[in-house]
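Any read-out appearing in this document is the output of simple, stated calculations on the displayed coordinates, not a laboratory observation. Since the model is a prediction, treat every value here as computed from it, not as a measurement. Here Cβ is always computed from backbone atoms with ideal geometry, including for glycine, and neighbour counts include all displayed protein chains.
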Amino acid sequence: MKKIMPPLTEKEKAVLEFIERILVDKGISPSYQEIRDHFGFASFNSVQNYLKQLQNKGYILIPPHQKRAIQILKSAESVQKQVVIARDQARKTAPLERVQSDSNSIPLLGKVAAGLPLEAMDYDEFVEVPRSMLRNPDKSFALRVVGKSMIEDGILDGDLIVIQKQENASNGEIVVATVDNESTVKRFYLKPQNKASEQIELRPANSTMQSMFFDPDQVKIQGVVVGLLRKF
């Protein structure tokens, strides 16, 4: 049989609701000072009297010799409704929060040379990348850099580079290009503009190294570098 609780006065109900709201918001019960300040009581005796009344009626438990340890035994109806509403709202927004995550998982497709061409790209695993780094998550992948030819652009041996998959690039962009089934990361330049004698320059960012030149039909652009990840 459901226990019938003694009725509360309006002030007792207000004190109980305040205690519950603080517990919900902060995870800890309010201090006597906070209760006094909230209601404007003239003294701590008023706080103690209201808490004693709530305890005698079975709504709270006050453990002896413990501060900020008031326990709720019977919730005020209004606070119960607030908790239910907050819980329902959290359930509704949880899927949206997951969709709006700050990161995306993209495939790590192997290694790429920052030096001489190293190897063709093979599927390996996935890495988490900040969403702000990606232009199009569905057309993005990552590669691990091997070599030092791009160090003057801040791309170091062992770094992960994030690539936007596309088949063309503008002059000066850092690209991943495949030549004879081997991949490399370099700055891209198409020159001169006379199509009868066009050449693609794959330029390193290392003053000790030389550019590589190819006919356009020898080079396949895999994508443009849009980000870099490094662990310290």
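What pairs from 13/52; 111/139; 165/186; 139/191 go past 21 Å between their alpha carbons? Provide the component values of the computation, followed by the final result.
Working: 13/52 13 Å; 111/139 18 Å; 165/186 15 Å; 139/191 28 Å.
Going by Cα-Cα distance, 139/191 fall outside the 21 Å limit.
Cross-link list 148/231; 11/74; 26/231: which exceed 25 angstrom alpha carbon to alpha carbon?
Over 25 Å apart, Cα to Cα: 26/231.
In sequence order, what are the phi-derived ³J(HN,Hα) couplings for region 127-138 according to the Karplus relation 6.51 cos²θ - 1.76 cosθ + 1.60 with θ = phi - 60°, rounded to whole Hz, with x for glycine and proline?
Coupling constants for region 127-138: 10, 8, 10, x, 4, 5, 7, 9, 7, 8, x, 6 Hz.
Tell me the GluC sites (Glu not before Pro) within region 128-231 that lie in a loop according to DSSP and have at most 10 other beta-carbon atoms within 10 Å. Each step should come with its number before you reach the end.
Numbers: sites: 128, 152, 167, 173, 182, 198, 201; in loops: 167, 173, 198.
Answer in residue order: 167.
Would you work out if region 138-205 is rounded, prolate or oblate? Take a ≥ b ≥ c from the square roots of the eigenvalues of the alpha-carbon gyration tensor; rounded if a/c is under 1.5, else prolate when a/b is larger than b/c, oblate otherwise. Intermediate results must be reported in sequence, preceding the final value.
On the way: a/c = 2.07, a/b = 1.52, b/c = 1.36.
Since a/c reaches 1.5 and a/b is larger than b/c, the shape of region 138-205 is classed as prolate.
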